[in-house]
Ligand SMILES: Cc1ncc(COP(=O)(O)O)c(C=O)c1O
């Protein structure tokens, strides 16, 4: 069944305040499935940011940033937090802070963002090697996967395991907490640290709040759930600029000593921000006002899954939160044809290949249009045995450009693929 969402003034951009161009951008954003990084700051969020403190945070003199860090530390049950520009930076700072002296190694899932999508940062900054494991169950790592892979002892051929990095959610899938706890116990037994890439821990928290019937707009409820999710970890990185829609930012949480040391590395990475208050306030606003919207985002993802499944489209991974991986080949439709047709709609929809990502500004209309678009292609194929438009036409390419707000220019399939990959 289609999902209806009541209008929410906190998530709006108006022509009077934000200007018509930004109203139009919000509309395009509400139909853009490439990534949950593609959200736009709202009027209310930026007006809130306008009132933030304007001190120098490198001197520790910006109350809005200090307040955000204290709030996130408290929410996650850790002693301290540190704001930085991106999830890549907070992951790499955390890893650098854990890793003391080579030879040393890190265990990750083979799909983990920390080693696959962070430009080789682990080798560059921490001089560590990663042991990438393939989960036997295909979904998440378990103690049974990790225990035999631990590098313990003093065999000089082997770099000892000093850190286990887990990702929650991974491709939108929630890591079962009982398994995380077991992995944490194993790590503790061997004096190995645990780091969480919680870029989307907000989604896992929103799903847990929903499951327990708690209230996502209550600070105490969010604190209860986030504290539990982060408890097995020595450090965690929580992105603020993904599903909850801060314009920039990510936070590390950990002990006071860990955060003090990470701050030192943040300086060395050139990542100290001077007048940081406006950024922190926009993120603070996102936690208060956008986090409670994630449960609806997840309902929309379920609706998309349901609509696609009803058409016979293969869904490639469990839809626990805000991502739907689909394969239209199961109904004879090439993925490119679906992307092209969606981009060529009078009110275009943009897709990041088989990974569809939802965020708090994706609209119910976009979900229904996408399902209808696939249904129409399927019907065409059934009726004609052929698709009218299986190739990326020149006109469709131009639409994608206009849609993405870029100058009109020639593009090709390879460019579009690259853009989709970078949308992670
Ligand atoms: C799981 C995960 N971790 C970390 C990051 C890095 O975040 P950022 O793009 O802010 O550097 C991403 C980015 O998409 C991500 O998906």
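General remarks:
- Put simply, the chain fits an ellipsoid with semi-axes of 36, 27, 20 Å; these come from the alpha carbon gyration tensor as the roots of five times its eigenvalues, largest first.
- Going from the fewest other Cβ atoms within 10 Å to the most, the residues 189, 299, 263 appear in the order 189, 299, 263.
- Taking every DSSP helix (H) stretch of at least 4 residues in the chain, weighting each as -39,500 (n - 2.57) and dividing the sum by the residue count yields a mean residue ellipticity at 222 nm of -13500 deg cm²/dmol.
- Taking the fewest neighbouring Cβ atoms within 10 Å as the starting point, the ordered list for 264, 202 is 264, 202.
- Highest-MSF residue in the chain out of 331, 201, 350 [GNM, Cα springs under 10 Å]: 331
- Global form of segment 180-300, assessed from the alpha-carbon gyration tensor, a/c cut-off 1.5: oblate
- Between the Cα long axis of helix 364-384 and the first principal axis of the chain there is an angle of about 50°, rounded to the nearest 10.
- Footprinting exposure proxy for 368, 179 (fewest neighbouring C-beta atoms within 10 Å first): 368, 179
- Two-site label geometry, residue 152 and residue 386: point separation in nm, points 7 Å out along Cα→Cβ: 6.6
- When the chain is treated as a GNM with alpha-carbon contacts under 10 Å, the residue of 121, 332, 307 showing the greatest mean-square fluctuation is 332.
- Global geometry of segment 44-289, whether rounded, prolate or oblate, following the gyration tensor of its Cα atoms and the 1.5 cut on a/c: oblate
- Contact order, relative form, for the chain: 22 percent (alpha carbon pairs under 8 Å, 6 or more residues apart, mean separation divided by residue count).
- By average C-beta atoms within 10 angstrom, highest first, the peptides 28-35, 67-74, 56-63: 28-35, 67-74, 56-63
- Cβ-Cβ FRET estimate between residue 54 and residue 79, R0 fixed at 30 Å, reported to 0.05: 0.65
- Part-to-part distance (alpha-carbon centres) for segment 314-354 and segment 186-235, which is given in Å: 31
- Most fluctuating residue given options 100, 302, 211, as computed from a GNM of the chain linking Cα atoms under 10 Å: 211
- The relative contact order of segment 44-289 comes to 33 percent, based on Cα pairs under 8 Å that sit 6 or more residues apart.
- Under the shape rule built on the C-alpha gyration tensor, where the axes satisfy a ≥ b ≥ c, segment 21-71 is prolate, since a/c reaches at least 1.5 and a/b is greater than b/c.
- Using alpha-carbon coordinates, inclination of helix 201-212 to the longest axis of the chain, degrees: 80
- Helix axis angle, 413-422 relative to the chain longest principal axis, alpha carbon, degrees: 40
Each value in this text was obtained by applying a stated rule to the coordinates, not by laboratory testing. Treat the numbers as computed from the prediction; the structure is a model and nothing was measured. Because the Cβ atoms are built from the backbone with ideal geometry, glycine has one as well, and the counts that use them run over all protein chains shown.
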